[in-house]
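Undergrad: Dropping a structure here in structure tokens format, bear with me for questions.
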Amino acid sequence: MEGSPQTRSSPSPDHSQRNRGFQDVHAMVFVGFGFLMAFLQRYGFSSLGFTFLLASFALQWSTLVQGFFHSFHSGCIHVGVESMINADFCAGAVLISFGAILGKTGPAQLLLMALLEVVLFGINEFVLLSLLGVKDAGGSMTIHMFGAYFGLAVSRVLYRPQLEKSKHRQGSVYHSDLFAMIGTIFLWIFWPSFNSAPTMLGDGQHRTALNTYYSLTASTLSTFALSALVGGDGRLDMVHIQNAALAGGVVVGTSAEMMLTPFGALVAGFLAGTVSTLGYKFFTPVLESKFKVQDTCGVHNLHGMPGVLGALLGVLVAGLATHEAYGDGLESVFPLMAEGKRSATSQAMYQFFGMFVTLMFASVGGSLGGFLLRLSFLGSPPDSQCYEDQIYWKVPGEHEDEAQGALRVEEPDTQA
Amino acid sequence: MEGSPQTRSSPSPDHSQRNRGFQDVHAMVFVGFGFLMAFLQRYGFSSLGFTFLLASFALQWSTLVQGFFHSFHSGCIHVGVESMINADFCAGAVLISFGAILGKTGPAQLLLMALLEVVLFGINEFVLLSLLGVKDAGGSMTIHMFGAYFGLAVSRVLYRPQLEKSKHRQGSVYHSDLFAMIGTIFLWIFWPSFNSAPTMLGDGQHRTALNTYYSLTASTLSTFALSALVGGDGRLDMVHIQNAALAGGVVVGTSAEMMLTPFGALVAGFLAGTVSTLGYKFFTPVLESKFKVQDTCGVHNLHGMPGVLGALLGVLVAGLATHEAYGDGLESVFPLMAEGKRSATSQAMYQFFGMFVTLMFASVGGSLGGFLLRLSFLGSPPDSQCYEDQIYWKVPGEHEDEAQGALRVEEPDTQA
Amino acid sequence: MEGSPQTRSSPSPDHSQRNRGFQDVHAMVFVGFGFLMAFLQRYGFSSLGFTFLLASFALQWSTLVQGFFHSFHSGCIHVGVESMINADFCAGAVLISFGAILGKTGPAQLLLMALLEVVLFGINEFVLLSLLGVKDAGGSMTIHMFGAYFGLAVSRVLYRPQLEKSKHRQGSVYHSDLFAMIGTIFLWIFWPSFNSAPTMLGDGQHRTALNTYYSLTASTLSTFALSALVGGDGRLDMVHIQNAALAGGVVVGTSAEMMLTPFGALVAGFLAGTVSTLGYKFFTPVLESKFKVQDTCGVHNLHGMPGVLGALLGVLVAGLATHEAYGDGLESVFPLMAEGKRSATSQAMYQFFGMFVTLMFASVGGSLGGFLLRLSFLGSPPDSQCYEDQIYWKVPGEHEDEAQGALRVEEPDTQA
């Protein structure tokens, strides 16, 4: 294997700029993911609370795991603002997987999943970034694809044929959709920082932020257009706006630091918003009926397909890289090409290979995780109690939402 | 015309500080404006969703328009963190106009309005900043006055004599007021960054942030005091707190980077909060009954009058500028004075003239926009369906708010 | 008294990094504290509105008071980003006190309390940091202990034996708990910036942020574990998650900038989450029944006990400081030790003494404040109208929550 070990982000003297990136990424993980998943009418406590629990656990555990792979020197793990950003990235992948199984798993199951997923995330990231020399700053592959397909594999193994018993709780109510928009908007505004947090400071970081920004504006417009178009009556669907509008951030995760150009970013974002919206409308039902994958938040549409698109876009843009186009910047974006150890075509092939490695780790790991999660003492909720806070939380009883649902909770599983 | 072309913010080597400003401004535009307008009981999806749509569109379009005016060199538009900040400023003006017509227009109308407004914003900004050498860092004139009077002119042309048919939906409910407070608080905390984002880095930027911070604390106190005073029974009105408390940010938009002094900022903020609260209480009803302008969010009180005050304050503070008071800083705040091309009095007159240019562009442009928006194929909502999400959105039907309103939506326009 | 005057943060040439810290602290104070207290079902307007009012007032007043103590030179108070951070810290202490008396006091009472508390905060801070040379960057003593015991003393004096008349409004509803989680999460994510905002830039600041981050992840995990454990039926309690999870930030407020080590931070956070959760479960009822202290938000559990723990941890870590462990950093963390004026043991004793000074100032000052607040013209709400927005706010009447409560407001105090 050619090349020296590389990591997503390397220590730099200018800590203050990294700090800025850290706080933005931190806000995305806790505010963004947490509220985005709070759209369910009776699962807001769990969406926010378990996000909080899972992310806190993942931050600690991935600091150890990633530290072992990337900054283990003379018996010590070195920590700093870079390790905090990397840990947040790993927590992001865990929360994406959580989105696929949201409402159908208990906290013990989720912690076990995180325990396994953080390790596999660390290995996959190490293989791609350090061994294969693949570039993936914003994580189209290592974060979005990995998190999505890991979660979908878990969901496949945990398939519940009787899930329609909880169907009446699977939707949103008016206010829960507004809470979810908090998540959407925080993810949207800080995504330029997310993709650029681990890049080389200076020009590369600004290029990454700009490309992400243009891609997101384009995916937002295409999502609104498509949502009205596929709705039948011309009306918009909140699920699309909350999710597909963000696909522009996912799709440039690999290529935003490369010479994608603003126009390329706009086209990529437009496509990602389109694919994601169509996915919510047409593919999610098929995923459940044919492939027996119940994807609560539609992570396949927001992170899975746009992640694959983003990986392929990375292959394309890497394959087109020339010394002329990058100039001195080639050193930081494609160090192996700058050192003459790789051609652009060879880098593109490594990128392509990295995508399959990620798919393999995610699907095999997720399936394994799914079987572990079926251990009965982990306390999976019954089919009739999915998407329901009251199994795990003391819920204030005076509210109108509870008034309707309070009695159901005590009823046996045989309820239809 | 004396002087070389100037822009709101010029490229600087210290990108990291600009980045910081960009993210704060970005949060204000999307989180702040979006949630501030989510106070209506049945228009939260539209307030948040159309803010998202309009701002995404405006960011792209104004990058092109502003780029053409400010950074078009040898056939290319140069982009960077400065262009991102400038585009967000323009999106802010569009969202202010949106506030005036909130609930009474459909998305196609809004996009057409943004298409026109972004161009006029760019021209007006170019005339003021580059041709006239007017200073307006935080945009009391170019953003607040322009956005407000443009929107009010549109609203005047679209006057609906039968709007009382939708009166029952024009207020807030308890939770929608809490969502709106998210907007208020995010606007409030990041306003120092907003006003200082485009200023020269260093002392000038800190002075701008400090002045804005003092002005906001003063407008908050005067708003609370006035709101209790004019309420009749001594109780506070959420509409005042959500809006007028922010007037302190608007009023120092022009002068915050000048030698306003903390005491001057406190006085300015106090006045702005007072004027704005009195406007909501006494002037908004007159605006509708006498001037036939229906101003949903009261942008005249928050952005219009405080913007005019801010412009006049800029005239005053610019007219008092001396080489002694500014020292080396004169170069960055008033470059034409530093170069000896203008006296303080002359600068003050240019500032004054800039205010009328802005009023002219905004009112003529807005009226033109209003007539365009009356094109019937743009799908304006009927008088009985204003402030109603269900025309444009699939709304979850299980909620108590919907239960009351669901049937009304299907009723014909003749309902009283 | 040895040593030259020291302040929490000293002016530095690198303003941009301080600016970053300021905005994060600002967000914590206004978004974090405001929404955290919005958990009450019918007191959301007051929680958010009075936070806004109190903090705006405290920022202005403490700029003057702290300026007089720390930056009063030749007749002028010098302001800048450091004074803005220090003023926000003081506002934080006032809001902690507000938490203890939330729902039981009117705005005039609150402003009077702030008027007094800001002065005492300034004196206490001056005595500790400047006279005694105590270190307390993140304010375990000067902010959390001071704010908590000041508020608890006020609450003791204002004890209401008939408070059960408002018991039915003292809990949360489903949505108000979600709003409160906005507060929790914003406090959580920005706490590393809070503790490190006033520290010396560079290594010391990164160490502080890292230690705080680890401590918070640990307190979150221990809070979830304990909450499920003490709940009886294994279910989680939102009150614990919203509050106790944050205790990890409080407990390292003094020691985070010292050589606490990540492991030390994890242990401290674990303990703080445990103590805080147990406090909510077992000690709050005792505090009311035995000590006649009604602590609405449980500030004793979140700020009081973890603050004391944090002060003691500071004693311990300061006592263990050596020139070897800190190297050149000793100069910035313990300047008096670096100059040879104090031994580690002596510094530890000063830290310990500082804790008692703070307790004394807080409890005597708070008691005095309580007696002042009993002045009848300040308009305290009657026992049957506590935790009720409608006394102070025009509340939109159409909502289901109001429908139940609207009539009660007009009823006389004799209602049971």
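Undergrad: Keeping the other protein chains in place, figure out the carbon and sulfur percent of the accessible area of the stretch C:87-224, with a 1.4 Å probe.
TA: Answer for the stretch C:87-224 is 68 percent, counting heavy atoms of protein chains only.
Undergrad: Any number yet on Rg/Rh for the stretch C:266-338, C-alpha, Kirkwood?
TA: Rounded to two decimals, Rg over Rh is 1.19.
Undergrad: Okay, next question. What are the semi-axes of the equivalent ellipsoid for chain A, taken as the square roots of 5 times the Cα gyration tensor eigenvalues, largest first, in whole Å?
TA: Equivalent ellipsoid semi-axes, largest first: 36, 23, 19 Å.
Undergrad: Also: Non-local amide H neighbours of C:TRP393 (under 5 Å, H modeled in plane, Pro and chain starts lacking H): which ones?
TA: B:LEU236
Undergrad: Can you give me the angle between helix C:44-70 and the longest principal axis of chain C, using Cα atoms only, in degrees from 0 to 90, rounded to the nearest 10?
TA: For C:44-70 against chain C, the angle is about 30 degrees.
Undergrad: Inside 10 Å of the C-beta atoms of C:199-207, what's the mean count of C-beta atoms belonging to other chains?
TA: 2
Undergrad: Against the empirical 2.2 N^0.38 Å scaling, what ratio does the C-alpha Rg of the stretch A:197-307 come to?
TA: 1.12
Undergrad: Right, something else. Tell me, what is the per residue accessible area of the protein assembly as shown in Å², probe radius 1.4 Å?
TA: 31
Undergrad: Please compute the average number of Cβ atoms from other chains found within 10 Å of each residue's Cβ in peptide C:185-198.
TA: 3
Undergrad: Can you tell which of B:LEU260, B:LEU229, B:LEU221 shows the greatest fluctuation in a Gaussian network model of chain B with Cα springs below 10 Å?
TA: B:LEU229
Undergrad: Something else: What's the long-distance tail for the stretch C:33-75, i.e. % of Cα pairs beyond 13 Å?
TA: Of the Cα pairs, 61 percent sit more than 13 Å apart.
Undergrad: Also, quick follow-up: Spelling out what I want: for every residue of the stretch A:89-103, take phi, set θ = phi - 60°, compute 6.51 cos²θ - 1.76 cosθ + 1.60 (Karplus), and round to whole Hz; glycine and proline get x.
TA: 4, 5, 4, x, 5, 4, 6, 4, 4, 4, x, 6, 10, 3, x
Undergrad: Now a separate question. Could you run the Karplus curve 6.51 cos²θ - 1.76 cosθ + 1.60 with θ = phi - 60° over the stretch C:281-296 and give me ³J(HN,Hα) per residue in whole Hz, x for Gly and Pro?
TA: 6, 10, 8, 4, x, 5, 4, 6, 6, 8, 9, 6, 10, 9, 10, 3
Undergrad: Based on the mean of other beta carbon atoms within 10 Å per residue, what is the order of C:118-131, A:312-325, B:89-102, B:265-278, most packed first?
TA: Output ranking for C:118-131, A:312-325, B:89-102, B:265-278: B:89-102, B:265-278, C:118-131, A:312-325.
Undergrad: Work the Kirkwood hydrodynamic radius out for the stretch A:47-176: mean of 1/r over every pair of different alpha-carbon atoms, inverted, in Å.
TA: Final number for the Kirkwood radius of the stretch A:47-176 is 15.7 Å.
Undergrad: What value, in deg cm²/dmol to 500, does the helix sum -39500 (n - 2.57) over DSSP H runs of n ≥ 4 give at 222 nm once divided by the residues of chain C?
TA: Helix-only estimate at 222 nm: -18500 deg cm²/dmol.
Undergrad: A further question follows. Are any of the pairs B:LYS104/B:LYS394; B:LYS281/C:LYS394; B:LYS104/C:LYS394; A:LYS167/A:LYS394 more than 20 Å apart by Cα-Cα distance, and if so, which?
TA: The answer is B:LYS104/C:LYS394; A:LYS167/A:LYS394.
Undergrad: Can I get the semi-axes of the stretch A:21-108's equivalent ellipsoid? Compute them from the C-alpha gyration tensor as square roots of 5 times the eigenvalues, in angstrom, largest first.
TA: 28, 13, 8
Undergrad: Based on the Cβ-Cβ distance from A:ALA108 to C:VAL286, what FRET efficiency comes out when R0 is 35 Å, to the nearest 0.05?
TA: FRET efficiency, A:ALA108 to C:VAL286: 0.65.
Undergrad: Let me have the relative contact order for chain C, percent, based on Cα pairs under 8 Å that are six or more residues apart.
TA: With pairs under 8 Å counted, the relative contact order is 24 percent.
Undergrad: In the stretch A:106-216, if every C-alpha pair distance is counted and binned at 5 Å from zero, what percent goes to each bin?
TA: Taking all Cα pairs of the stretch A:106-216, the binned fractions are 2, 9, 12, 15, 17, 18, 13, 8, 4, 2, 0 percent.
Undergrad: If you add up the charges near A:TYR326, with Lys and Arg at +1 and Asp and Glu at -1, over every other residue whose beta carbon is less than 13 angstrom from its beta carbon, what do you get?
TA: Here the charged neighbours net out to -3.
Undergrad: If you don't mind, there's one more thing I want to ask. What is the ratio of the Cα radius of gyration of the stretch C:135-179 to 2.2 N^0.38 Å, with N the residue count, to two decimals?
TA: Ratio of Rg to 2.2 N^0.38 Å for the stretch C:135-179: 1.68.
Undergrad: Here's a follow-up. Could you check the spin-label model distance between B:TYR159 and C:HIS168? Points 7 Å from the Cα along Cα→Cβ, value in nm.
TA: Here the answer is 4.9 nm between the modelled labels.
Undergrad: Right, here's the next one. Shortest first and in nm to one decimal, what separations exist between A:ARG374 and its copies in the other chains, measuring from label points 7 Å along the Cα-to-beta-carbon line?
TA: Label-point distances to the other copies, shortest first: 6.8, 6.8 nm.
Undergrad: Moving on to the next point. Could you rank the peptides B:342-354, A:198-210 by their average count of other C-beta atoms within 10 Å per residue, with the highest value first?
TA: Put in order of decreasing packing, that is A:198-210, B:342-354.
Undergrad: In Å² (nearest 100), what accessible area is buried between A and C, both sides summed, heavy protein atoms only, 1.4 Å probe?
TA: Adding both sides of the contact gives about 4100 Å².
Undergrad: Still on this model: For the stretch A:162-176, just list the computed ³J(HN,Hα) in residue order, Karplus coefficients 6.51, -1.76 and 1.60, θ = phi - 60°, integers in Hz, with x standing in for Gly and Pro.
TA: 9, 5, 5, 4, 10, 4, 5, 9, 7, x, 9, 10, 3, 5, 5
Undergrad: Restricted to Cα positions, what overall size does the protein assembly as shown have along the principal axes? Three whole-Å values, descending.
TA: So the extents along the principal axes, rounded to whole Å, are 72, 71, 65.
Undergrad: List the residues of the stretch C:308-322 whose backbone N lies under 17 Å from a point placed 7 Å from the Cα of C:SER346 along the Cα-to-Cβ direction.
TA: Residues C:318-322 qualify, since their backbone N sits under 17 Å from the label point.
Undergrad: Across peptide B:233-242, how many C-beta atoms of other chains are within 10 Å of each residue C-beta, on average?
TA: 4
Undergrad: Could you tell me whether the stretch B:292-408 comes out rounded, prolate or oblate from its Cα gyration tensor? Rule is a ≥ b ≥ c as square roots of the eigenvalues, rounded for a/c under 1.5, then prolate if a/b exceeds b/c, otherwise oblate.
TA: Prolate.
Undergrad: Starting from the Cα of C:ASP383, step 7 Å along the direction of its Cβ; do the same at A:ALA325; then give the gap between the two resulting points in nm.
TA: Those two pseudo-labels are separated by 7.7 nm.
Undergrad: Treat the stretch A:231-279 as a sphere of radius equal to its Kirkwood radius over Cα pairs and apply Stokes-Einstein at 37 °C in a medium of 0.692 mPa s; give the translational diffusion coefficient in µm²/s, rounded to a whole number.
TA: Reported coefficient: 285 µm²/s.
Undergrad: For B:PHE68, place a label point 7 Å from Cα along the Cα-to-Cβ direction in every copy; what are the distances to the other copies, in nm, shortest first?
TA: 5.9, 5.9
Undergrad: Quick one: work out the % antiparallel among DSSP beta bridges in the protein assembly as shown, nearest 5.
TA: If I count the DSSP bridges inside the protein assembly as shown, around 60 percent turn out antiparallel.
The values are calculated or read from the model by the stated rules, or taken from the named source; none is laboratory data. It should be emphasised that the depicted structure is a prediction, and the values quoted were computed from it without experimental measurement. For neighbour counting, all protein chains shown are included, and Cβ atoms are generated from backbone atoms with ideal geometry for every residue, glycine included. Please note that ligands, DNA and RNA were not included when accessible areas were found on the heavy atoms of the full protein model with its side chains. Shrake-Rupley method; radii C 1.70, N 1.55, O 1.52, S 1.80 Å.
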